[in-house]
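The values are calculated or read from the model by the stated rules, or taken from the named source; none is laboratory data. Nothing here was measured: the structure is a model prediction, and the numbers come from that model. Ideal geometry is used to build each Cβ from the backbone, glycine not excepted, and the neighbour counts take in all protein chains shown. Only protein heavy atoms, including side chains, enter the accessible area calculation; ligands, DNA and RNA are left aside. Shrake-Rupley method; radii C 1.70, N 1.55, O 1.52, S 1.80 Å.
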Amino acid sequence: MHERSAKDWMWVGLLVCLQLLPIVAIFLNSVAIDWAGTILPDGYTLAHVQNILKDPRFLQSIQNSLIVGFGSLLVTPFVVVPTILVAHCYFPTLDKYLAGLVILPYAVPGIVLALGLLRIYSGNYGIVLNGSPWILIFGYMPLAAPLYYVPIKNNLRALRVTELFEAGRLLGASDALILRRVVLPCVKRGLIIGLVMNFTLAISDFVYANLLVGGHFPTLQIFMGVLSGGSGRKLSVLITTYFVVIFVATAIVVWVTSRRDEA
């Protein structure tokens, strides 16, 4: 049993190393003086990192990406998660249609959805959000819905929701209290997965950010697109920064969510 466990850990470690290898290669390229024809760079320098740090567009793009990412986390779950819970617990017939509705944004070409969002938020219906982060935050809501629906729905299928509600009502608990104290803790893992994937979507997107806000609110991905035709070293610095931001922000999201659940 011990040998088998050690072998399993060896394969896990190998898999992690293979996944980290491209990230390490990008980091080495960002600090390399010259890297051609050898396994490792001929030398290392921080000049490319310093040049990026001196560019005011760099810090502005990171700030904008974090605003959109955390803004999406503050808006999307409060709309999508209650909808999933209510549909599953009270309207199972409508829940079947919801399953098809949440994947609809991925069936529609991105340019079509972006043009639809521009029409909605360009003043035709009294709402003007063009060029602001709000159009991205609301625009990512339909895209993030499946990221919550699939993991939360998998957790809900393992629960006997009807029996939980009946038992709670016999004890005098309201439906809202049952949802908050019983159902939500049971779908905690699915909720965390949805939060992490939602943030990753918001901070990684280029197509919608470029079409909806462009240079009015440049995100990190847009800044990468600007430098994509220039120095490969600077682009590697940006990509490395992107991975660091994703890792740190995801860790914060998981930590905050876990703390709330423990409290």
Spacing of the two label points (7 Å from each Cα toward its C-beta) at R160 and V86, in nm: 2.8 nm
Overall Cα dimensions of segment 30-104, principal axis frame, Å, largest first: 64, 32, 18
Per-residue ³J(HN,Hα) for segment 148-163, Karplus 6.51 cos²θ - 1.76 cosθ + 1.60, θ = phi - 60°, Hz, x for Gly and Pro: 8, 4, 5, x, 5, 5, 4, 5, 5, 5, 7, 9, 8, 4, 4, 5
Table column - 3J(HN,Hα) (Hz), segment 201-215, Karplus curve with 6.51, -1.76, 1.60, x for Gly and Pro: 4, 5, 8, 9, 6, 10, 4, 5, 5, 5, 7, 8, 10, x, x
Whichever lysines have a C-alpha closer than 20 Å to that of K234, once near sequence neighbours (fewer than 8 apart) are set aside: K54
Segment 78-139 - Rg (one decimal) and Dmax (whole number), Cα, Å: 14.5, 39
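Counting only protein heavy atoms and using a 1.4 Å probe, what share of the accessible area of the chain belongs to carbon plus sulfur, as a whole percent? If you can, show how the numbers build up before the last one.
Values: 10600 of 15580 Å².
Its accessible area is 68 percent carbon and sulfur atoms.
What FRET efficiency comes out for the pair R180/L94, r = Cβ-Cβ distance, R0 = 25 Å, nearest 0.05? Walk me through the numbers on the way to the answer.
Numbers: r = 22 Å, r/R0 = 0.88.
Efficiency for this residue pair is about 0.70.
What net charge is computed for the residues neighbouring P151, neighbours being all others with C-beta under 14 Å from the C-beta of P151, Lys and Arg scored +1, Asp and Glu -1? Don't skip to the end; give the middle numbers.
Details: positive: K153, R157, K188, R189; negative: none.
That sum, taken over residues with Cβ under 14 Å, equals +4.
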Residue among L159, L20, L28 with the largest mean-square fluctuation in a Gaussian network model of the chain, springs linking Cα atoms under 10 Å: L20
Max mean-square fluctuation residue, GNM over the chain, Cα-Cα springs under 10 Å, options A114, A32, A158: A158
GNM result for the chain, Cα springs below 10 Å: residue of G37, G232, G168 fluctuating most strongly: G37
Förster radius 22 Å - calculated FRET efficiency between V128 and V207 (Cβ-Cβ, nearest 0.05): 0.50
Linear extension gain, F243 paired with D34, 0.36 nm per residue minus alpha-carbon span: 73.0 nm
Extension reserve of the T45-S228 stretch, reckoned as 0.36 nm per residue once the Cα distance is removed: 63.8 nm
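At 0.36 nm per residue, and after removing the present C-alpha to C-alpha distance, how many nm does the segment from I252 to Y106 gain when stretched out fully? Could you put the intermediate results ahead of the total?
Numbers: separation 146, 0.36 × 146 = 52.56 nm, distance 2.80 nm.
Length difference between fully extended and current span is 49.8 nm.
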